[in-house]
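S.K.: Shown below is the structure under consideration.
The values are calculated or read from the model by the stated rules, or taken from the named source; none is laboratory data. Quick caveat: nothing in here was measured; it's all calculated off a predicted structure. As a convention, Cβ positions derive from the backbone with ideal geometry for all residues, glycine included, and neighbour counts pool all protein chains shown. The protein model used for the area step is the full one, side chains on, heavy atoms only, and it has no ligands, DNA or RNA in it. Shrake-Rupley method; radii C 1.70, N 1.55, O 1.52, S 1.80 Å.
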Amino acid sequence: MSKIPNGYEVIQLFEQLAPKHLAMEGDKIGLQIGTLNKPIQTVMIALDVLEEVIDEAIEKDVDLIIAHHPPIFRPLKQVITDEAQGRILEKCMKHDIAIYAAHTNLDIANGGVNDWLAEALGLENVEVLVPTYEDKLKKLVVYVPETHAVAVREALGNAGAGHIGNYSHCTFNSRGIGTFLPQDGANPFIGETGKLEQVEEVRIETIFPASLQKKVISAMLKAHPYEEVAYDVYPLENKGNIFGLGRIGRLKAEMTLEQFAEHVKKALAVKAVRVVGNLNDIVKKVAVIGGDGNKYISHAKFSGADVYVTGDLYYHVAHDAMMMGLNVVDPGHNVEKVMKQGVARYLQEQFAKKKFHTKVYASEVNTDPFTFV
């Protein structure tokens with residue numbers, strides 16, 4: 001039977017894709033307007049929160065907007081409803097529309113904005129361009145009666161433990177004898193109060209990302225039959241999952257810079273691009289950062305990229321790229337619009353799994369401020 005979730009349930013699902021801890025320091029993310037303490041029947045995904053977007057949300061009876069660019073990025077000194085910013089806030093309040101922003105955490109997330117851009121460009125063997133965060137690994141060791149070993153292993157794997165490369169549910173198991181003596185007040189699953197008990201148990205070992213510790217431990221305890229569970233958690237020196245800004249990968253077939261520029265226009269649905277470099281240069285290795293990537297041209301160069309795709313390229317940064325021999329294609333900041341369909345698809349899949357009766361729309365308003373003439 002389907003249910004209508006509240007805002008906290010919707011955002012909890014969304015943050016499995018783009019957890020807050022991935023965001024760059026100082027980024028204005030999270031709930032910015034309204035409340036999540038209400039039923040959510042309709043969600044709309046938007047790149048920018050302009051007045052036209054709010055009007056679209058009102059027309060579609062939207063309860064929650066998940067936006068990429070925070071509508072309140074700088075502190076507000078006043079709210080004047082004769083002005084656009086004030087009208088946006090007024091309309092949200094009057095129509096009970098909550099706005100939640102996911103900015104650099106959605107850029108950095110695996111399966112987020114930069115992965116969607118790399119996918120659109122047809123890149124293969126994709127890696128992180130600018131590492132910003134490492135999710136350290138830990139090891140869990142838990143002792144389980146043989147009768148419940150399968151259930152506990154399954155619960156651990158489903159919670160995200162035991163993932164190594166393209167393999168999931170990885171564990172090591174060894175058998176032994178567990179002993180315990182239930183004291184007064186105990187309610188043992190096996191054995192009797194005041195009598196030493198010996199039980200054939202399985203020692204299950206598995207690894208997990210530190211960010212999932214609460215979820216993994218909770219799943220294990222829920223599946224475990226004992227009143228008091230014996231388990232250990234160890235930090236590991238093994239390299240954890242690397243997260244970061246941008247992506248770098250290879251094209252399926254090399255092409256000239258001119259041909260690649262045309263490819264970008266088609267792949268990212270833009271009418272024009274700005275190009276820095278010799279149009280006859282051959283490109284194979286491509287770096288991409290959605291939005292403003294001026295800070296990271298050196299990362300693109302030193303990673304061996306033949307061309308760097310990013311928006312809002314500054315005049316003098318373009319000169320810097322020329323001098324270091326780095327080709328650049330600037331399709332504009334608005335190509336981050338790929339997040340609208342990307343997040344909508346993700347939430348639709350998650351809602352279907354949870355049997356949530358909530359509609360998801362990708363905003364249809366074009367928020368690109370530039371017109372090519």
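S.K.: State which residue is most open to solvent (accessible area, probe 1.4 Å) when the search covers only segment 45-66 and only residues that are part of a helix (DSSP H, G or I), touching a residue at least 40 places away in the same chain (Cβ under 8 Å) and out of contact with any Lys or Arg (no Cβ under 7 Å at 6 or more places or on another chain).
M.R.: Only one residue tops the list, namely Glu52.
S.K.: Hey, another quick one. How do the pairs read when you match residues in segment 168-183 that are in contact (Cβ under 8 Å) with a residue 40 or more places away in the chain with residues anywhere that are part of a strand (DSSP E or B) and of a type in the set (Phe, Trp, Tyr), using Cβ under 7 Å and keeping only pairs 6 or more apart or on different chains?
M.R.: Close Cβ pairs satisfying both conditions: Gly178/Tyr143.
S.K.: Do any strands (runs of 3 or more DSSP E) lying entirely in segment 255-373 carry at least 3 residues that are within 30 Å of Glu9 (Cβ to Cβ), and which ones are they?
M.R.: So the answer is 359-362.
S.K.: Any idea which residue in segment 244-286 is surrounded by the most Cβ atoms within 10 Å (Cβ to Cβ), counting only those that are within 19 Å of Met324 (Cβ to Cβ) and of a type in the set (S, T, N, Q)?
M.R.: Asn278
S.K.: Restricting to segment 185-243, name every residue that is open to solvent by less than 80 Å² (accessible area, probe 1.4 Å), touching a Ser or Thr at 6+ places or on another chain (Cβ under 8 Å) and among the polar types (S, T, N, Q).
M.R.: If the condition is that a residue be open to solvent by less than 80 Å² (accessible area, probe 1.4 Å), touching a Ser or Thr at 6+ places or on another chain (Cβ under 8 Å) and among the polar types (S, T, N, Q), then Thr206 is the only one that fits.
S.K.: Any idea which of (1) open to solvent by 10 Å² or more (accessible area, probe 1.4 Å); (2) over 30 Å from Glu127 (Cβ atoms); (3) modelled with pLDDT of 95 or more is the one Pro75 doesn't satisfy?
M.R.: (3)
S.K.: Ok, one more. Return a yes/no flag: does segment 81-97 have any residue that is among the hydrophobic types (A, V, I, L, M, F, W, C), part of a loop (DSSP other than H, G, I, E, B) and closer than 19 Å to Glu52 by Cβ.
M.R.: Scanning segment 81-97, I find at least one residue that is among the hydrophobic types (A, V, I, L, M, F, W, C), part of a loop (DSSP other than H, G, I, E, B) and closer than 19 Å to Glu52 by Cβ, so the answer is yes.
S.K.: So Ala84 clears everything in (1) under 19 Å from Glu9 (Cβ atoms); (2) open to solvent by 30 Å² or more (accessible area, probe 1.4 Å); (3) in contact with a Leu (Cβ under 9 Å, 6 or more places away or on another chain) except one condition, right? Which one?
M.R.: Going through the list (1) under 19 Å from Glu9 (Cβ atoms); (2) open to solvent by 30 Å² or more (accessible area, probe 1.4 Å); (3) in contact with a Leu (Cβ under 9 Å, 6 or more places away or on another chain), Ala84 breaks only (1).
S.K.: Right, something else. Which one of these does Thr147 not meet: (1) touching a helix residue (DSSP H, G or I) at 6+ places or on another chain (Cβ under 8 Å); (2) within 30 Å of Leu221 (Cβ to Cβ); (3) loosely packed, with under 15 Cβ neighbours inside 10 Å?
M.R.: (1)
S.K.: If you don't mind, there's one more thing I want to ask. When residues of segment 258-288 are filtered for being without any contact (Cβ under 8 Å) to a residue 24 or more places away in the chain and either under 11 Å from Val329 (Cβ atoms) or over 28 Å from the mean Cα position of the chain (by Cα) (or both), how many remain?
M.R.: The qualifying residues number 4.
S.K.: Something else about it: Going through Leu156, Leu123, Leu117 one at a time, which residue ends up being in contact with a Phe, Trp or Tyr (Cβ under 9 Å, 6 or more places away or on another chain), of a type outside the set (Gly, Ala, Ser) and at pLDDT 95 or above?
M.R.: None of the other options fit; the residue is Leu156.
S.K.: Turning to a different aspect of this structure: What are the residues in segment 225-251 that are in a strand (DSSP E or B) and over 30 Å from Trp116 (Cβ atoms), if any?
M.R.: Within segment 225-251, Tyr231, Asp232, Val233, Tyr234, Pro235 meet the criteria.
S.K.: Within segment 292-310, count every residue that is under 28 Å from Thr371 (Cα atoms) and either among the polar types (S, T, N, Q) or crowded, with 21+ Cβ neighbours inside 10 Å (or both).
M.R.: Total meeting the criteria: 7.
S.K.: Note down all Cβ pairs under 7 Å where the first residue falls in segment 85-99 and is without any contact (Cβ under 8 Å) to a residue 12 or more places away in the chain, the second is of a type in the set (S, T, N, Q), and they're at least six residues apart or on different chains.
M.R.: Note: pairs meeting the criteria are Glu90/Thr81.
S.K.: Tell me yes or no: at least one residue of segment 132-155 is in contact with an Asp or Glu (Cβ under 8 Å, 6 or more places away or on another chain) and closer than 30 Å to Ala261 by Cβ.
M.R.: So far as segment 132-155 goes, no, none of its residues is in contact with an Asp or Glu (Cβ under 8 Å, 6 or more places away or on another chain) and closer than 30 Å to Ala261 by Cβ.
S.K.: Might you check whether a residue that is open to solvent by 10 Å² or more (accessible area, probe 1.4 Å), within 15 Å of Ala118 (Cβ to Cβ) and in contact (Cβ under 8 Å) with a residue 12 or more places away in the chain occurs anywhere in segment 314-333?
M.R.: yes
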